1. Multiply the residue gap between ARG70 and GLN49 by 0.36 nm, knock off their C-alpha separation, and tell me the result in nm, one decimal place.
2. According to a simple spin-label model (label point 7 Å from Cα along Cα-to-Cβ), what is the distance in nm between GLU58 and GLN23?
3. For region 55-146, with all protein chains present and a 1.4 Å probe, just round the carbon and sulfur fraction of the accessible area to a whole percent.
4. Multiplying the sequence separation of ARG169 and ASP110 by 0.36 nm and subtracting their Cα-Cα distance, what value in nm do you get?
5. Can you tell me, using C-alpha contacts under 8 Å and at least 6 residues apart, the relative contact order of region 1-148 as a whole percent?
6. Find out how many positive minus negative residues lie around GLU161, taking Lys and Arg as positive, Asp and Glu as negative, among other residues whose Cβ is under 14 Å from that of GLU161.
7. How many nm separate the modelled label positions at ARG92 and GLU206, each set 7 Å beyond the Cα in the direction of the Cβ?
8. Let me know the whole percent of all Cα-Cα pairs from the chain that are separated by more than 25 Å.
Amino acid sequence: MRKYVIMGVQGSGKGTQSALLAQDFDLTQISVGDIFRWHVQNHTKIGAQVRRVMAAGELVGDDLVESVVRQRLDQHDWNYGFIIDGFPRNRRQAEFFLESYDIDGVVHLDLPDEEVRRRVLARRLCSRCGLDYNLIAHRPEVADRCDVCGGELVSREDDTEEALAARLRDYHGKTNPVLDIFRRKEFVFTVDARPERTAVQQAIREQLGLPPHQP
Ligand code: AMP
């Protein structure tokens, strides 16, 4: 059983890198941001609570985040382990997490703010199936259309200059202290997120002592 957390500023490749790990090691991939986006898209009560906060690039309240994470992990559909991304985002969430679950490692994807800006503003999502695109690194074959389902590609509502600035501020102010908490427990593996995705994946595996990815 492997239990990992992946951390890094927006656009550092958390989703992509966790998907590669999840696929090869049968880990359940849990993205707190995706869970909230699902609620917004499906107009649930939680969706109504978080929609505006998310669109402004601000953090959702800790009580709600913790109950969503607890509910997700209580499903126990993670026989071989999990990799969770987008959580914890501040000191309180980190303490809650450490009290409730044992973890084996925290992957920290390190990316300079300038590169974050460049990547995030080029990010697109399929409005139908949710697949991720990037106009720099992963362009669709036909402009603005998903290669898989033909759905229209859209920007995330929070991928704007303004929301990005708020998220970067939050990240540096609140999430860095989380890394310090994990560092004290010697859980943190820092990986340079600038190289292309396969090279980053190999570096993660080396640090975690896992067998290499076979593309
Ligand atoms: P992400 O996809 O991880 O960038 O998350 C998108 C948005 O969901 C964030 O900007 C927050 O509004 C909200 N969110 C996701 N995870 C958390 C968390 N751990 N704590 C508070 N808000 C979160």
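The values are calculated or read from the model by the stated rules, or taken from the named source; none is laboratory data. Nothing here was measured: the structure is a model prediction, and the numbers come from that model. Quick reminder, even Gly has a Cβ in these numbers, built from the backbone with ideal geometry, and neighbours come from all protein chains shown. These accessible areas exclude ligands, DNA and RNA; they are computed on the full protein's heavy atoms, side chains included. Shrake-Rupley method; radii C 1.70, N 1.55, O 1.52, S 1.80 Å.
1. 5.8 nm
2. Computed distance between label sites GLN23 and GLU58 equals 3.8 nm.
3. 43 percent
4. That pair, ARG169 and ASP110, stretches by 19.7 nm at full extension.
5. Answer for region 1-148 is 36 percent.
6. Value of the local net charge: +1.
7. About 4.0 nm, to one decimal.
8. Considering the chain, 38 percent of its Cα-Cα pairs are separated by more than 25 Å.
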